[in-house]
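Okay, structure first, notes after.
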Amino acid sequence: MVRTYKNDLMRSLHEGVTDLFESNLVDKTTMRRFDEKCLTPTPEMSAEDVAALRTRERVSQAVLARTLGVSLNTVSQWERGERKASGAALKLLSLVKSHGLDYVR
């Protein structure tokens, strides 16, 4: 898993706590807090960004929806600006933006 950290200090701190978590010395709640503090958030994508990304990948809304595991209506709403992608879908869109659609297939 590729992680982007706010800075080198946060990287070191997060890696140490991750080792503790993997050794069952830190619970999931604490690990989530460290994730929030140390990792950079996934930037939001505008309606234009989603449409441009889909156009760049040369796929229909239906293909993008199927690949991301969302409904066609959801992709349509993102592109019209009625809703914004969030959570796992936003993360997948950012991976598609960085690496291409085949990366998440």
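The values are calculated or read from the model by the stated rules, or taken from the named source; none is laboratory data. Here the structure is a predicted model, which means the values were calculated and not measured. Here the Cβ positions follow ideal geometry from the backbone for every residue, glycine too, while neighbour counts run over all protein chains shown.
Taking Val63, is it within 20 Å of Arg3 (Cα to Cα) and of a type in the set (A, V, I, L, M, F, W, C)?
Details: within 20 Å of Arg3 (Cα to Cα): no; of a type in the set (A, V, I, L, M, F, W, C): yes.
No, not satisfied.
Output the number of residues of the stretch 79-101 satisfying the condition of being buried (at least 18 other Cβ atoms within 10 Å of the Cβ) and farther than 25 Å from Thr4 by Cα.
Residues in the stretch 79-101 being buried (at least 18 other Cβ atoms within 10 Å of the Cβ) and farther than 25 Å from Thr4 by Cα: 1 in total.
Take the residues of the stretch 32-43 that are under 22 Å from Val75 (Cα atoms) and touching a Ser or Thr at 6+ places or on another chain (Cβ under 8 Å): which is modelled with the lowest pLDDT? Steps first, answer last, please.
Taking the stretch 32-43 as the starting set, the residues that turn out to be under 22 Å from Val75 (Cα atoms) are 41-43.
Narrowing the set further to residues that are touching a Ser or Thr at 6+ places or on another chain (Cβ under 8 Å) leaves 42-43.
On the way: Thr42: 80, Pro43: 84.
Applying the filter and picking the extreme gives Thr42.
Sort out which residues of the stretch 62-78 are small (Gly, Ala, Ser), part of a helix (DSSP H, G or I) and loosely packed, with under 14 Cβ neighbours inside 10 Å, and write them in order of number. Show your work before the answer.
The initial filter retains those residues of the stretch 62-78 that are small (Gly, Ala, Ser), namely 62, 65, 69, 71, 76.
When the remaining residues are screened for being part of a helix (DSSP H, G or I), the result is 62, 65, 76.
Selection gives Ala62 alone.
Please verify whether Val63 is out of contact with any Asp or Glu (no Cβ under 8 Å at 6 or more places or on another chain), touching a residue at least 24 places away in the same chain (Cβ under 8 Å), under 25 Å from Tyr103 (Cα atoms) and hydrophobic (A, V, I, L, M, F, W, C), treating the condition exactly as stated.
Working: out of contact with any Asp or Glu (no Cβ under 8 Å at 6 or more places or on another chain): yes; touching a residue at least 24 places away in the same chain (Cβ under 8 Å): no; under 25 Å from Tyr103 (Cα atoms): yes; hydrophobic (A, V, I, L, M, F, W, C): yes.
No.
With the condition kept exactly as written, say whether any residue in the stretch 79-93 is over 17 Å from the mean Cα position of the chain (by Cα) and assigned to a helix (DSSP H, G or I). Explain how you work it out, then say what you get.
Here is the first cut: in the stretch 79-93, the ones over 17 Å from the mean Cα position of the chain (by Cα) are 79-82.
This time we only want the ones that are assigned to a helix (DSSP H, G or I), so: 79-80.
Yes: one or more hits.
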